[in-house]
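Each remark here refers to the structure printed beneath this line.
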Amino acid sequence: MFEIGSVDPQRLAAIQVRLAQTGRAQVENVLSPASAKALYERAVEAQFNVVTRKSDGHMDMPSEWLNMLTPEQKSTFAQAVQNAATHDFQYLYDNYPFYDATSAGHADAFWQSVVEFLNGEAFLGLARTLTGEDRIALADAQLTRFRRGHFLTEHSDEAAGKNRFYAYVLNLTPAWRIDWGGLLAFHGEDGNVEEAFTPRFNTLNLLKVPTPHSVTQVALSAGGHRISITGWLRGR
């Protein structure tokens with residue numbers, strides 16, 4: 001159902017060198033045009049939750065619950081999230097955890113097929129070829145949507161016992177502008193941004209774990225939603 005796009009051999013070699021040197025790279029046109037289009041069209045229709053952090057950990061909120069809040073309650077909640085981000089690790093975005101839903105038997109056939117593709121030899125084989133990491137054996141995944149004001153502060157993706165070798169972001173939003181924010185920013189030891197990736201359509205971002213990075217806040221002027229499939233390339 002899904003197909004890997006054609007990657008020029010010279011471009012492939014350049015990506016391999018870049019990953020070996022920096023631990024991060026982008027792979028343009030990673031899927032066939034038809035595959036990327038199908039993913040985007042289904043992604044915009046997904047039933048998203050809103051996710052953030054509170055003092056004792058992750059918080060997953062169904063959209064139905066948020067819709068029950070009064071405008072004042074929503075404002076109070078939003079301010080609390082922003083205040084927490086001033087000094088602590090924090091995030092605010094929408095997600096549909098279709099990998100977990102598939103494992104639990106709750107995902108529909110389309111998203112089950114996405115999990116199968118991401119864990120098939122075409123995708124994992126490409127990942128192993130690009131990264132040189134032969135221990136990559138599976139890809140978990142979630143669908144994410146960053147709307148106006150959404151963000152993800154600095155973190156490294158390192159998690160004990162998860163066997164994460166690389167994080168990946170498969171970008172699905174057409175025609176994203178740099179000044180809309182939502183950039184994947186890599187943090188340097190000198191306090192500067194070493195590099196930032198724009199979420200270009202049908203482009204796969206790869207970053208070695210651990211790597212300090214963040215997703216910059218989506219601007220209030222953004223003309224769309226930053227939609228992507230994100231996850232980790234892991235060992236057993």
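Overview of results
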{"item": "Any hit, the stretch 150-161, residues being crowded, with 21+ Cβ neighbours inside 10 Å and within 16 Å of the chain's Cα centre (by Cα)", "result": "yes"}
{"item": "Of all residues making up the stretch 120-155, the number that are out of contact with any helix residue (DSSP H, G or I) (no Cβ under 9 Å at 6 or more places or on another chain) and polar (S, T, N, Q)", "result": "1"}
{"item": "Condition met for Ala34 (in a helix (DSSP H, G or I) and either acidic (Asp, Glu) or out of contact with any His (no Cβ under 6 Å at 6 or more places or on another chain) (or both))", "result": "yes"}
{"item": "Cβ pairs under 7 Å, 6+ apart, first in the stretch 164-189 and under 19 Å from Ile227 (Cα atoms), second among the charged types (D, E, K, R) and surrounded by fewer than 18 Cβ atoms within 10 Å (Cβ to Cβ)", "result": "Ala167/Asp157; Asn171/Arg200; Trp176/Arg200"}
{"item": "Hits in the stretch 11-65 - residues which are of a type in the set (Gly, Ala, Ser) and in contact with a Lys or Arg (Cβ under 9 Å, 6 or more places away or on another chain)", "result": "Gly23, Ala25, Ala43, Ala46"}
{"item": "Residue within the stretch 66-73 that is at negative phi, of a type outside the set (Val, Ile, Thr), touching a residue at least 12 places away in the same chain (Cβ under 8 Å) and out of contact with any His (no Cβ under 8 Å at 6 or more places or on another chain) present", "result": "yes"}
{"item": "Hits in the stretch 4-31 (condition: of a type outside the set (Lys, Arg) and touching a strand residue (DSSP E or B) at 6+ places or on another chain (Cβ under 7 Å))", "result": "Ile4, Gly5, Val7, Ile15, Leu19, Gly23, Ala25, Gln26, Val27, Glu28, Val30, Leu31"}
{"item": "Some residue of the stretch 197-216 being touching a residue at least 40 places away in the same chain (Cβ under 8 Å) and on the phi > 0 side of the Ramachandran plot", "result": "yes"}
{"item": "Single match in Glu45, Glu28 (criterion: charged (D, E, K, R) and under 17 Å from the mean Cα position of the chain (by Cα))", "result": "Glu28"}
{"item": "Extreme residue, surrounded by the fewest Cβ atoms within 10 Å (Cβ to Cβ), among residues of the stretch 74-111 that are among the polar types (S, T, N, Q) and without any contact (Cβ under 8 Å) to a residue 24 or more places away in the chain", "result": "Thr86"}
{"item": "The listed residue being touching a strand residue (DSSP E or B) at 6+ places or on another chain (Cβ under 7 Å), hydrophobic (A, V, I, L, M, F, W, C) and more than 24 Å from Thr86 (Cβ to Cβ), out of Ala185, Ala141, Ala196, Ala175", "result": "Ala141"}
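Taken together, the values in this text are just the output of simple stated rules run on the coordinates, not laboratory data. No experiment lies behind these values; they were computed from the predicted model shown. Here Cβ is always computed from backbone atoms with ideal geometry, including for glycine, and neighbour counts include all displayed protein chains.
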